[in-house]
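The next block holds one structure in the form of structure tokens; read it before the comments.
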Amino acid sequence: MDTTSDKRASSMLAPNPGKATILALGHAFPQQLVMQDYVVDGFMKNTNCDDPELKEKLTRLCKTTTVRTRYVVMSDEILKNYPELAQEGLPTMNQRLDISNAAVTQMATEASLSCVRSWGGALSSITHLVYVSSSEARFPGGDLHLARALGLSPDVRRVMLAFTGCSGGVAGLRVAKGLAESCPGARVLLATSETTIVGFRPPSPDRPYDLVGVALFGDGAGAAVIGTDPAPAERPLFELHSALQRFLPDTERTIEGRLTEEGIKFQLGRELPHIIEAHVEDFCQKLMKERQSGEDADGGGPEPMSYGDMFWAVHPGGPAILTKMEGRLGLGADKLRASRCALRDFGNASSNTIVYVLENMVEDTRRRRLLAADDGGEDCEWGLILAFGPGITFEGILARNLQATARASAQL
């Protein structure tokens, strides 16, 4: 009998009754793996651009993003079949959506199946589906196409979040949390899926911000199963304690995308990292105060948390955003390691990326438990899951890492 495994399982933290938990995570990627070192030459060749200034700018951006690898739907075969995608000014929205609609459904299906296998339950047990994508425009929406591809029950209750951008993954967790907690016994499947096909176009000196997307963004899909009161066979990863959403007035032009006949025209303001830096601490403080809801009748409650006592699962919108957060909150260099690793390996994959960050955190925790070594690494129970998207919209969840080693601190 493996007593070591039994001890590890018994030392894991128990979820609070009625609180939503993430029971499993999954991901999927398209076949095209792009090495950052080859992005510049490949993109300039594919778009027939020989502008030396644009090439120099893209080269500089590719170095500063800290991205090393990404997955993309775009391929030589697609450009061969649709050469008009690489030409300026042609009406190509229909072609882009044909490619994108099929790709996001396929990736979401693969990520969902991977997640369900990890969960160990049956697709027939999924009661709700939350689908997130900013990469398609059709009706019926991608939620129905995904439900059909997975063979879910016709009675599954579906929600689709469209054009939420980088904050969509955490928004999806927030919605899934509400569904799971309001419907006892529910098992909610959250799927996110994104591709940059809809925004691919040749570079132009009039649109220098387009190059940021070329250097930074990637494609893929993510998935999670969320439910309350886990069964003995289920292994909850995170408890989703409290969720908040906030938009910042008069910032709606900072992250902006418009559907046109040539695809999505996307613009990202340079001031974005500074705006996030100016507002993130107040938002985090409000989320952290939600823990005080566990006060008992005597007026006692949990000890206040410091930033250093928490884990941080932050959507890596770009290295500047992460650096600004570290400076504003005084975070140690290791606190955003899971976010920086996701950015390095997958780029900014929009709504999907928070799933990759959480997967990194789960793997880090499991590795430390396996080694059974107290090496000073982060193994925090409480933390924040954060993302920032169009609006500017802040999404945040106060969460517990249930895989962390049980400590003396009391649960709520």
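The values are calculated or read from the model by the stated rules, or taken from the named source; none is laboratory data. Computed from a predicted model, the values in this text were never measured in an experiment. Because the Cβ atoms are built from the backbone with ideal geometry, glycine has one as well, and the counts that use them run over all protein chains shown. To get the accessible areas, we keep the full protein, side chains included, count just its heavy atoms, and leave off ligands, DNA and RNA. Shrake-Rupley method; radii C 1.70, N 1.55, O 1.52, S 1.80 Å.
Quote the FRET efficiency, to the nearest 0.05, computed for Arg60 versus Leu371 with a Förster distance R0 of 56 Å and r equal to the Cβ-Cβ distance.
0.90
Net charge within 12 Å of Met305 by Cβ-Cβ distance, Lys/Arg positive one each and Asp/Glu negative one each, not counting Met305 itself?
It works out to a net charge of -1.
Given the options Ala186, Ala224, Ala387, state which has the largest fluctuation in a GNM of the chain using a 10 Å cut-off (strictly under) for Cα springs.
In the Gaussian network model the winner is Ala186.
Anyone know which of Phe217, Phe388, Phe283 comes out most mobile in the 10 Å Cα GNM of the chain?
Greatest mean-square fluctuation among the candidates belongs to Phe283.
Just to be sure I understand: if I project the alpha-carbon convex hull of segment 26-131 onto a plane and average over all orientations, what area do I get in nm²?
Quarter of the Cα hull surface area: 9.1 nm².
Among Pro15, Phe388, Thr323, whose Cα lies farthest out toward the positive end of the dipole of the chain, if unit charges sit on the beta carbon of Lys, Arg (+1) and Asp, Glu (-1)?
Pro15
Using a Förster radius of 56 Å, what is the FRET efficiency between Asn48 and Glu252 based on their Cβ-Cβ separation? Nearest 0.05, please.
Efficiency, from the Cβ-Cβ distance: 0.95.
State the answer as a single residue: which of Val72, Phe163, Asn46 lies farthest towards the positive end of the charge dipole of segment 20-228, with beta carbon charges of +1 for Lys and Arg and -1 for Asp and Glu, about the Cα centre.
The residue sitting farthest along the positive end of the dipole is Phe163.
Going Cα to Cα from Lys45, which aspartates and glutamates come in below 12 Å? Please leave out same-chain ones fewer than 8 positions away.
Partners within reach: Asp76.
Lys324: which aspartates and glutamates have alpha carbons under 13 Å from its alpha carbon, excluding same-chain residues fewer than 8 sequence positions away?
In chain and number order, the partners are Glu271, Glu277, Glu281.
Expressed as a whole number of Å, what is the distance separating the alpha-carbon centroids of segment 306-337 and segment 248-291?
17
Greater than 29 Å separation of Cα atoms is the criterion. Which listed pairs, Lys57/Lys80; Lys265/Lys286; Lys57/Lys335; Lys55/Lys80; Lys55/Lys265; Lys57/Lys286, meet it?
Lys265/Lys286; Lys57/Lys335; Lys57/Lys286
When only C-alpha pairs under 8 Å and at least 6 residues apart count, what is the relative contact order of the chain, in percent?
Dividing the mean separation by the residue count of the chain yields 25 percent.
Averaged per residue, what accessible surface does the chain expose to a 1.4 Å probe, in Å²?
45
Quick one: putting +1 on the C-beta of Lys and Arg, -1 on the C-beta of Asp and Glu, what dipole do you get for segment 15-151 around its Cα centre, in Debye to the nearest 20?
Around 600 debye, computed over segment 15-151.
If you place +1 on the Cβ of every Lys and Arg and -1 on the Cβ of every Asp and Glu, how big does the dipole about the Cα centre of the chain come out, in debye to the nearest 20?
360
Which one, Ala233, Ala103, Ala221, has the greatest fluctuation when you compute a Gaussian network model over the chain with C-alpha springs under 10 angstrom?
Ala233
Determine the calculated [θ] at 222 nm for the chain from helices alone, applying -39500 (n - 2.57) to every DSSP H run no shorter than 4 residues and normalising by the residue count; nearest 500 deg cm²/dmol.
Here the helix-only value at 222 nm equals -11500 deg cm²/dmol.
Mind checking the dipole of segment 233-352: about its Cα centre, +1 per Lys or Arg Cβ, -1 per Asp or Glu Cβ, Debye to the nearest 20?
Result for segment 233-352 is approximately 500 debye, rounded to the nearest 20.
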